[in-house]
Amino acid sequence: MAGKQPQKAGWTRRDFFNWVLNVTMGVIALLVAVPAVGAAITPAFARSKPIWIRLGLASKLQAASLAAGTGGVGSVVKASYTYTALDHWVKQPASDYAYLRYIGGSCPFYILSPICTHLGCHVDWVPSANQFHCPCHGSVYTIDGLNVSGPAPRPLGVFRWKLTNGEVWIAREDTFTGAWERQGESPRRPCLMVKQA
Amino acid sequence: MFTRFVRWLDERMMVSPLWRDIADHPVPAHTNPSERVSAFVYCFGGVTFLLIIAQFVTGMFLAMDYVPDITNAYNSTRYIMDHVLFGKQLLSMHNWGSTLIIIMVTLHMLRIYWMGVYKKPRELNWLVGVTLLLIILTFGFTGYLLPWDEKAYFATQVGVSFVQYVPFIGKALFNIIAGGNHIGAATLSRFFAIHVLFLPALLLSFLGLHFLMIRRNGITGPY
Ligand code: FES
C-alpha cells in the first residue's frame, strides 16, 4: 500500500493498551485472590481460649486415686467429664475422660490427656505395667506421660487445673491433645495448678 | 431425520469435523480389541473416563439429599440409604465407582509404564496423568469423610495428621486442611467444597489437557 508508514518499532499505542489491559487484569486477579487465599488459610492463625470443665469433687477424686494405688500412693484413674463443645458454628454436648492421679504436695493432682500424640487414639492405662499403652500403633508412655517407645513424638498433654469450692476444674485447650503440650521431656512432671485470684 | 438434524447443525456450527476428531476417527489396528483381543489393555484409560462420568452423575444426585454439616451429614446419608428411592443403589454406585476408578487408573498407569509410553514426546502427558492420579486420590480422600461416620472420622484424623510431620509448616498445613485445630465442622465443609467444587474443576481441566495431548501425539506403535 502506497504511503503506508512501516510499523513503528518500540512503544506503540497498541503496546500501551495491551499494557493497560494486562495490568488491569492483574489487579482484578489479585483482588480476587487475596480474600480467597485469606479465607482458605485463616485456620493457620486460629487461636482460641481454653474452656474450663468441672471434673468432680477433689475429695472424691483423691479417694478414687488412692484406692487405685497402694499404701497411700495414688495411682491413675479415669475421670470422665461432659462439656459443651463449640466447633466453629456447631455447639454440641461432648464427653471425654482424663487420666487423673493424686500425687500430694502443693500441686496434688496430676491430670493427663488420654490423646496419643502420634495420631490421636485414646491410650489405655495398664496398671500391671504402670504405663499407658496406645492400642493403635503401640506407643508407650510412663505414668507421667513421657513417651518411651513407639511412634509417639511427644509426651501426653497435661491439663492445667484449678480448685474451686473443693472441686477440680480442668482447662481444655484447643490443641491436638486438648491439653497443654510439652515439647520435650522436661519438666518431667509440670505443676499446672492455676492459683485462684 | 438424524442426518438432516446434523446437516442443520453443521450449517450453523460445523460440528461434524469436531465430532470426527473427538469420537469418530480411525485408530490403529493394534489398539482395536475386535482385531486382537489383547488390545483390551488400551481401554483402561477410556473405562476410567466412563467411570468418572458416572461419578459425576451419581454425585450430583447424591448432593440433592446430602448436607455437609456435622450434626446432619450422617443423618442425611442414612436418609439417602433408607428413604430415597434407589438411594442405596445411588450411594453404592458412587462408592463402588470410586474404588473401580482407583483400580482402573492403576491398570492404565501400569500399561503406560510397561509400554514405555511416557517417553518423549509424551512425557508431558505423563506428568498430566500423574497430576490426574493425585486429583483422583484426593477425590477419594475427601469423599471418604463425607458420611461422617466413625470410620470416616478416624480415617481422616489419621490421614490429615500425616501433614503435621512436614518440617516447619506442618502445624499450619494441618490447620489449613482441617479448617482448625481439630477434625470437625470446618473440616467437613472444607472437604465437601473440595470434593464437589474444586476437584471437579481441576479434574475436567486436566482431563481436557490429557485428551488434547493424546490427539496431538497419537497412539504409540505396536508393542
Ligand atoms: S495413635 Fe497412638 S501410637 Fe499411633
Matching option when the condition is more than 30 Å from B:Asp69 (Cβ to Cβ) and either open to solvent by less than 50 Å² (accessible area, probe 1.4 Å) or touching a residue at least 12 places away in the same chain (Cβ under 8 Å) (or both), among A:Tyr141, A:Tyr97: A:Tyr141
Test result for B:Ala178, within 13 Å of chain A (Cβ to nearest Cβ), open to solvent by less than 60 Å² (accessible area, probe 1.4 Å) and in contact (Cβ under 8 Å) with a residue 24 or more places away in the chain: no
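Among the listed residues B:Val41, B:Val57, B:Val67, identify the single one that is without any contact (Cβ under 8 Å) to a residue 40 or more places away in the chain and in a helix (DSSP H, G or I). It would help to see each step written out before you state the result.
Details: B:Val41 fails: without any contact (Cβ under 8 Å) to a residue 40 or more places away in the chain; B:Val67 fails: in a helix (DSSP H, G or I).
Residue meeting the stated conditions: B:Val57.
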Check on B:Ile214, open to solvent by 60 Å² or more (accessible area, probe 1.4 Å), away from chain A (no Cβ under 14 Å) and either farther than 30 Å from B:Met115 by Cα or outside any helix (DSSP H, G or I) (or both): no
Some residue of region B:106-116 being part of a loop (DSSP other than H, G, I, E, B) and either out of contact with any helix residue (DSSP H, G or I) (no Cβ under 8 Å at 6 or more places or on another chain) or at negative phi (or both): yes
Answer residue from region A:168-189, given it is in a strand (DSSP E or B) and within 20 Å of A:Leu119 (Cβ to Cβ) and is least open to solvent (accessible area, probe 1.4 Å) among those: A:Arg172
Residue match in region B:120-134 (condition: under 26 Å from B:Thr58 (Cα atoms), buried (at least 18 other Cβ atoms within 10 Å of the Cβ) and within 14 Å of another protein chain (Cβ to nearest Cβ)): no
Leading residue by the ranking (farthest from the chain's Cα centre (by Cα)) among those in region A:95-116 that are among the β-branched types (Val, Ile, Thr) and not in a loop (DSSP other than H, G, I, E, B): A:Ile111
In region B:135-175, residue least open to solvent (accessible area, probe 1.4 Å) [restricted to those that are in a loop (DSSP other than H, G, I, E, B) and free of Cβ contacts under 8 Å to residues at least 60 places away in the same chain]: B:Val166
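Evaluate region A:98-106: report whether one residue or more is more than 14 Å from chain B (Cβ to nearest Cβ) and within 16 Å of the ligand (Cβ to nearest atom).
There is at least one residue in region A:98-106 that is more than 14 Å from chain B (Cβ to nearest Cβ) and within 16 Å of the ligand (Cβ to nearest atom).
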Test: B:Phe192 is more than 10 Å from chain A (Cβ to nearest Cβ), of a type in the set (Phe, Trp, Tyr) and crowded, with 19+ Cβ neighbours inside 10 Å: yes
Region A:41-61 - residue that is open to solvent by 40 Å² or more (accessible area, probe 1.4 Å) and of a type in the set (A, V, I, L, M, F, W, C) and, of those, nearest to A:Ala85 (Cα to Cα): A:Ile51
Some residue of region B:187-194 being farther than 30 Å from B:Ala39 by Cβ, within 14 Å of the chain's Cα centre (by Cα) and away from the ligand (no atom under 16 Å from the Cβ): yes
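The values are calculated or read from the model by the stated rules, or taken from the named source; none is laboratory data. Note that the structure is predicted; figures quoted are calculated from it, not measured. Counting neighbours? That spans all protein chains shown, and the Cβs are built from the backbone with ideal geometry, glycine included. Please note that ligands, DNA and RNA were not included when accessible areas were found on the heavy atoms of the full protein model with its side chains. Shrake-Rupley method; radii C 1.70, N 1.55, O 1.52, S 1.80 Å.
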